Amino acid sequence: MTLNLANRCIGSHRRRPSRRGPSRLLVAPVVALLLVGGACSSDDGAGTSASTTEPTADRVAVVAKLIDEVVVAANVDAAERAEAFGDAIDDACAAPDEANLAAARAALSEAWAAWEATDSFDIGPVMERRSASVVAYRVDTAKVDAALAGTPPVDAQTVRNRTGSGLRGYGAAEHLLVTDPAAYDTPARCDYLSAVAEVIVEETGIIAEWWTDGFDGAPPYRETATGSGDGALSATDVIDSLVNMQISQLEAESKLFSAVVQAGQATPIDLPVAELFTLAAKVDGIVNVYSQLGELLDPELTATIDSQAAALSGLLAPSAGEPTETQPDKVDVEKIATAIDELRATIATEVVSALDVTISFSENDGDS
């Protein structure tokens, strides 16, 4: 997925007035971040306690570039794609024909994947707001069906404040957005779907705004993440957070897929809805991180990470185009489980050693 915002534009957003003016979302020059990063402690420079195989690239400069070109860009991308998804839902609900429904599903796939790609750097605003609970918590399709059959939530505030996490977010939207136009004869479906979409658009917009401009009195988090202001993070803090998040997520995925494998051939596969789709996007996010963080690693180690990530992405490719509620084949699950564990082991051992990462994650961290 492309994170280069300069070369991609989104159509006009008719859904609602954006809280972010177009010029405010432009990524600032890397030079500005380097100047901010330069205020960090010299302990994060080339003389850090990283492995002797680590190149001499300055951690502060690498992290500043990573925050700017990967983290900020990805969060802005997720917000813009979410808004395009909201527009597509408006069109589909206004005229639920096959073309509009197909366009809405395509927009959902792009927006959901863009959000999941940010999950590998789940730091700062998204953690403070616990945004995953309203944007992409694992859906409970049976409860969504029960809600739709009864009195479903039909406004954004109810979805945000009074609806369970398993009944909202991209997973719920995917389940509600069926391709049969006749299903939309019941107005409640579109009302529920529109409310879910509105919350997603609002929350992803807040996260992007917080990173770029600040939010609710807090300064832009891009400054905090590059060593400026109260509560500023050092480059080592950022690296530790990113690597811990990757290990936590891959550990959770490894346990999930390994449990399916260990259950045996006779046991039906019961992975969460769209698990392969979301995992593929998360792997993209990890690859994007190492496109910058690799400057601090031995080239052979970076090549190993790239190779292992590519192998995992290749196994996930058939499910990466759009989310599905269909369970994968057991043989595919076995191969995916092995590939996940290989990538996890490399990051948990070689990357941790090379970058002198302090392990602090809990095994429950990445379960959302």
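The values are calculated or read from the model by the stated rules, or taken from the named source; none is laboratory data. Not measured: the values here are computed from a predicted model. Glycine gets a Cβ as well: all are built from the backbone with ideal geometry, and neighbour counts include every protein chain shown.
When the range 184-205 is filtered for residues that are of a type outside the set (V, I, T) and either within 14 Å of A82 (Cα to Cα) or without any contact (Cβ under 8 Å) to a residue 12 or more places away in the chain (or both), the ones remaining, listed by number, are D185, P187, L193, S194, A195, A197, E198, E202, E203, G205.
Here is a yes/no grid of residues against (1) modelled with pLDDT of 95 or more; (2) among the polar types (S, T, N, Q); (3) within 23 Å of D90 (Cβ to Cβ):
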{"residue": "C190", "(1), (2), (3)": "yes, no, yes"}
{"residue": "A197", "(1), (2), (3)": "yes, no, yes"}
{"residue": "E209", "(1), (2), (3)": "yes, no, yes"}
{"residue": "G217", "(1), (2), (3)": "no, no, no"}
{"residue": "D230", "(1), (2), (3)": "no, no, no"}
{"residue": "S241", "(1), (2), (3)": "yes, yes, no"}
{"residue": "F257", "(1), (2), (3)": "yes, no, no"}
{"residue": "Q262", "(1), (2), (3)": "no, yes, no"}
{"residue": "A266", "(1), (2), (3)": "no, no, no"}
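Go through the range 256-292 and count every residue that is farther than 21 Å from A78 by Cα, touching a residue at least 12 places away in the same chain (Cβ under 8 Å) and part of a helix (DSSP H, G or I). Of the residues in the range 256-292, 5 are farther than 21 Å from A78 by Cα, touching a residue at least 12 places away in the same chain (Cβ under 8 Å) and part of a helix (DSSP H, G or I). Residues of the range 89-101 include none that is under 23 Å from the mean Cα position of the chain (by Cα) and among the acidic types (D, E). Residues in the range 206-224 that are crowded, with 23+ Cβ neighbours inside 10 Å and under 23 Å from V135 (Cα atoms): 7 in all. Annotation: of all residues in the range 266-290 being of a type in the set (G, A, S) and more than 19 Å from V352 (Cβ to Cβ), the one that is surrounded by the most Cβ atoms within 10 Å (Cβ to Cβ) is A274.
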